[in-house]
Amino acid sequence: MLGVDVFYCGALMLCWTRLCVALHVSHGQPLIPAHDPKMTGDHHATSSTETGDGSEIKNPVPHHAPCFVDDIFAALREAVGNVGQLTNRSLTLFGICTATDDPSGSVLFELTKEASRNGLQALHPAAVHLSEEDERGALMLTFDLPQSPLLRLNPVLLLAFKSPLSGGNLDVVFTSQSLQPNTQSVCISGETQYMMLTGKASEDNIHQNWRISADTKSPDMKQRLRDVLTGGKSGSNINLIPLLLFSGGRGTDTGHTHGSGSSQTSSFLCELRRFLGDVTPQNHPESPPLQLTSLQSMPPLTLGVSSSETLLAGLINSSALTIFSFSTCCSTFQVHRRQLALSAALAEELGQRLEQTAMQIMEVIREEDVGYRATERLGRLRELSAFPKEEPTTGESQYCAFLLLKALQTVARTYELKRGLRTTRAGPSSPGGRNICGLRSLTVSLERHLLAPNTANIDNCHGTCAVPLFNPTNHAVLLNSHIESEKAASKSVDERAPCCVPVAYEALEVVDFNEDVTQVRPFENVVAKECGCR
């Protein structure tokens, strides 16, 4: 399988607080949200362009979350339906018109095949400028392209929206000598996340600018087009994030790559985030997010080639709820491989547990009608974490298999709880209609930089502690007897009655992806496991 070589323009230092913005995109929502410095903590380097009316628009040099390109490749892989044809949703997603003379549909089909083989390469323009063309009032987009051998190939210019279109559909005509054919149409609606234009190979390998005119069919839609390109705010940043895509089987660029050393780990983590977003029930507690930093944590456990066999075996056998966090700031996520060094026996146990849990989750996906996309993503995760047939097993595969097992265990636990609650609601009431002390679901919202899930069910205990007491201590029994005897003698009672409280807990394990290592932080006594009258 070919690796995905991703070429970036310059060294992009990525801060995990920026990562959270892209990772918390729910199904069907825009891939890249609008930039918010208060949320991300990073700032864009900016250039500016003077428009025809004398105004100025600032244009950021794009800095993106690590999964930005990988998410686009995933969207391309999923563009083809089960029968091998492009779906209407795919054409809408990529802004492709249904006109027979529009070549974009066939180009999209070819790109999906390349993405399925992990054969795509990507080049990021250094900057985008927006100006106004004087002759006919059209808007002009200028893309600053870096020097790269990839430009000798025929590229596809993909423009990702930071925020969706609102207020109906919009047809846009793009014209440029850099495009092939020179004039192309894009049909945009509220469900469109990308625009796709077919480009022309460069005759030389020098730094160049692509100037592309954007116009609408009627003059009164010009302002609406400007709103689409700028996000609806005068003088705002460009509302498009550009990426040039090329066939991965060609080209000799040796810039920043996403393959051959780091693609397995990077692609796996991005695919894991998408999968968990699909299968994790979307709970939205009304309470504000809770900061895990306020909890007392055990010393972090390093997950890597030096991890002890005892530690790894304990984590594999642990039933604790696991959450994946990118809370540590500033890392070059794409270039670090993550590995484990399991013994043959422990690797075999990991593989068996993973296979059993994956089959269990496949059944959950079918029963809960999660959707075919979750099935496909789980299949890809299993491919990325599969142990090679030849020995020895690679450490990177072990690392991915371990994380997938922990993620699937958490998903299984979540749906077991969900089914248990359904059974409880459907079951008969307790004798006399009494609400007996027992576990009840309690879902809390967690700080937003967590990868997934961003909620946790910590459970809680509810119900009465009247006779017969549920799971009491001797103290609770004597206390209750004392209170009842005082009441029987018509005496005032100044003692606290036995209460339904948690008496046993489970830990919450948070997997932190730091710059060079992966750490597991155990938070003891987080999830209520058993109740009793105390």
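Every test in (1) in contact with a helix residue (DSSP H, G or I) (Cβ under 6 Å, 6 or more places away or on another chain); (2) outside any helix (DSSP H, G or I) is passed by Thr98 save one, and that test is (1). All conditions in (1) closer than 30 Å to Pro299 by Cβ; (2) of a type in the set (D, E, K, R); (3) without any contact (Cβ under 8 Å) to a residue 24 or more places away in the chain hold for Glu530, with the sole exception of (3). Looking only at residues of the range 180-214 that are in a strand (DSSP E or B) and surrounded by fewer than 19 Cβ atoms within 10 Å (Cβ to Cβ), we find that the one that is modelled with the lowest pLDDT is Gln208. Within the range 176-213, work out how many residues are of a type in the set (A, V, I, L, M), under 20 Å from Leu245 (Cβ atoms) and more than 30 Å from the chain's Cα centre (by Cα). Within the range 176-213, residues that are of a type in the set (A, V, I, L, M), under 20 Å from Leu245 (Cβ atoms) and more than 30 Å from the chain's Cα centre (by Cα) number 3. For Gly168, state whether it is part of a loop (DSSP other than H, G, I, E, B) and small (Gly, Ala, Ser). Against the criterion (part of a loop (DSSP other than H, G, I, E, B) and small (Gly, Ala, Ser)), Gly168 qualifies. Does Ile212 count as under 28 Å from Pro149 (Cα atoms) and either out of contact with any helix residue (DSSP H, G or I) (no Cβ under 8 Å at 6 or more places or on another chain) or of a type outside the set (Gly, Ala, Ser) (or both)? Yes: the conditions hold for Ile212.
Take Gly168 and decide whether it is over 31 Å from the mean Cα position of the chain (by Cα) and of a type outside the set (Lys, Arg). Taking the combined requirement at face value, the residue does not satisfy it. Counting only residues that are under 16 Å from Gln85 (Cβ atoms) and modelled with pLDDT under 85, the range 103-122 holds 3 of them. Annotation note: of Thr410, Thr414, the sole residue that is at pLDDT below 85, assigned by TED's automatic domain parsing to the domain that holds Leu340 and surrounded by 15 or more Cβ atoms within 10 Å (Cβ to Cβ) is Thr414. Of the numbered criteria (1) farther than 30 Å from Lys217 by Cβ; (2) touching a strand residue (DSSP E or B) at 6+ places or on another chain (Cβ under 9 Å), the one Leu141 fails is (1). Would you call Ala320 surrounded by 13 or more Cβ atoms within 10 Å (Cβ to Cβ) and either at pLDDT 80 or above or under 28 Å from Thr375 (Cα atoms) (or both)? Judged against the criteria, Ala320 is a match.
For the range 352-407, a residue qualifies if it is of a type in the set (Lys, Arg) and modelled with pLDDT of 90 or more, and the qualifying residues are Arg353, Arg377, Arg380, Arg382, Lys406. Checking the stated criteria, Gly261 turns out not to satisfy the condition of being buried (at least 18 other Cβ atoms within 10 Å of the Cβ) and either within 22 Å of Asp70 (Cβ to Cβ) or modelled with pLDDT under 85 (or both).
For the range 494-534, a residue qualifies if it is under 27 Å from Asn317 (Cα atoms) and acidic (Asp, Glu), and the qualifying residues are Glu506, Glu509, Asp512, Glu515, Asp516, Glu524, Glu530. Out of the residues in the range 450-488 meeting the condition of being at pLDDT 90 or above and among the hydroxyl-bearing types (Ser, Thr, Tyr), tell me which one is nearest to Glu506 (Cα to Cα). Among those that are at pLDDT 90 or above and among the hydroxyl-bearing types (Ser, Thr, Tyr), it is Thr473.
The values are calculated or read from the model by the stated rules, or taken from the named source; none is laboratory data. On a predicted model such as this, the values are computed, not experimentally measured, just so you know. Using ideal geometry, Cβ is built from the backbone for each residue, glycine included, and neighbour counts are taken over all protein chains shown.
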